[in-house]
Amino acid sequence: MDTASDGSARAIRRVGEALAGRYAEIGQAVAARIVDEIPGYRDAAPELIKDLRAGATATTEVLARTFAQGSTLRREDLGFVRDLAARRVHQGVSLEVFIHAYRVALLAYWDACADEASRLGISREAGFALARSAIDGIDTITTQAAEAYLREETRLRTQSGRAARDLVERLIDGQPIDPGRRHPAAPGLDPTGQLLTVVGRVEQTTLPIGDALQLARDALEQSPSLATIRHGELVVIFAGTSPRARIASLRAARQRTIEEHNIDVRYGVSVPSGGFASVQQAYREAALALSYTSPGRPIVALDELSALECALIGATAATKAIIASKGSNLRALSDDDLAAAVETIRAFATADLNVAKSAEQMHVHANTVRYRLQQIATKTGHDPRTFAGLVDLICILETADRR
């Protein structure tokens, strides 16, 4: 006499045989349900939908055959699932959407199992056993699919990251790149089109610099056409001609990294440049603009620099040495006095030599500003209350910051 377990096993085999006889029909129904319930597939290209139907049919067949044979799914039975998962990575289907499809497939497949179980009149115990087998089978397939997806995604990201880094290094070094075709590492960039180069560096974080830069890279609203992390900095090359629009997106990305990860990144932006051949110079421009960033000015585009700042950029080493020598008395101040002097000089310049506005900016009394200005004039020999004296002091500070 058969035991209850034997009876359940025989019932599951009967259901499996019935499902195996119509696996193609069930597979198409599963695919249709996925397309209907998941927006990520609803608007997919015809090639992806065709592949989805083939995958759903193959999955239904292997499950039905496993039930009919009374066996257990093995890893070697699921090579097609791993291949399918790898294709989904290249087809641009996210992991969330991919796994969601398997959840929908489980429900659709179980509906087919339940219909056959009802038609065949299997016992309640056999029905429970059938449900466990169906769930275990789909769980095995889903696990294999997720692992394969992540492996391929990691492989592709590593390969893509290496290719992007190599291309950026070649561009920064000024090595020639074929202008006649788009580079595989940057298919969104026209090698002869207008480009903007951005350099970012972490100013504050509790994370390793590489991890912080990766989070900063991920925070960018639009996927950059070409980005890599090199020598402790993030280098991003965008297609476009508007530094102003790019600064807006960088500002939003920077704010997200601060709010979500407590990472402060500063950015320098080049002027628009012409194609890959110009990236070497554009990188220098972006790095130079980055050197002018500050807590109050965390993103700087080269074309935003003042005429004085631009003049100092082009100053010869001899000119910079002469300017620096004029700041010996300023540098001789104590650390506290120097910090107060620098703050006051910059605030006074920003406020257009207005004492009241300077005081408001520094959150001090106007008399404090007047006292500091007098002390700076006395101790440095440069009177910031005069145009010539203030220009001298600003040049000294800018040259010192760039040394």
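Each value in this text was obtained by applying a stated rule to the coordinates, not by laboratory testing. Note that the structure is predicted; figures quoted are calculated from it, not measured. Positions of Cβ are backbone-derived with ideal geometry, glycine not excepted, and every protein chain shown enters the neighbour counts.
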Candidate lysines - alpha carbon under 16 Å from LYS50, same-chain residues fewer than 8 apart omitted:
none
Longest principal axis of the chain (C-alpha) makes with the long axis of helix 4-20 (C-alpha) an angle, in degrees to the nearest 10, of 80 degrees
Could you compute the FRET efficiency for ARG103 and GLU304, with r as their C-beta to C-beta distance and R0 at 45 Å, rounded to 0.05?
0.35
With Cα atoms, 0 to 90° folded angle of helix 124-172 axis to the chain main axis
30 degrees
Using the number of other C-beta atoms within 10 angstrom as an exposure proxy, rank TYR41, TYR283 with the fewest first.
TYR41, TYR283
What order do you get for THR257, THR350 when you list them from fewest to most C-beta neighbours inside 10 Å?
THR350, THR257
Using a Gaussian network model of the chain with C-alpha springs under 10 Å, which one of GLN361, GLN255, GLN69 is most mobile by mean-square fluctuation?
GLN361
So for the stretch 150-228, averaging the separation of alpha carbon pairs under 8 Å that are six or more residues apart and normalising by length, what relative contact order in percent results?
35 percent
Environment charge of LEU390, counting only residues whose C-beta is closer than 12 Å and scoring Lys/Arg +1, Asp/Glu -1
-1
Helix 46-69: inclination vs the chain longest Cα principal axis, degrees, rounded to 10, gives 40 degrees
Write down Rg/Rh for the stretch 1-156, rounded to two decimals, with Rg from the C-alpha atoms and Rh from the Kirkwood relation over Cα pairs.
1.00
Rounded if a/c is under 1.5, else prolate if a/b beats b/c, else oblate: with a ≥ b ≥ c from the C-alpha gyration tensor eigenvalues square-rooted, which is the stretch 245-403?
oblate
Order these by the 10 Å Cβ neighbour count, fewest first: TYR371, TYR23, TYR267.
TYR371, TYR23, TYR267
Length-normalised contact order for the chain - Cα pairs under 8 Å, 6+ apart - percent:
11 percent
Please give the peptides 166-172, 179-185 ranked by average Cβ packing (other Cβ atoms within 10 Å per residue), highest first, as a rough proxy for protection.
166-172, 179-185
Pick out which of THR72, THR293, THR241 has the largest mean-square fluctuation in a Gaussian network model of the chain, springs linking Cα atoms closer than 10 Å.
THR72
Tensor-based shape of the stretch 133-253 (alpha-carbon gyration tensor, a/c under 1.5 rounded, otherwise prolate or oblate)
prolate
Most mobile listed residue (THR192, THR378, THR206) in the chain, GNM with C-alpha springs under 10 Å:
THR378
Using only the Cα atoms of the chain, what are the Rg and Dmax in Å?
32.8, 111
Under 17 Å between alpha carbons, and skipping anything fewer than 8 positions from LYS320 in its own chain: which aspartates and glutamates qualify?
GLU309, ASP392, GLU398, ASP401
More than 20 Å apart - percent of Cα-Cα pairs taken over the stretch 143-203
43 percent
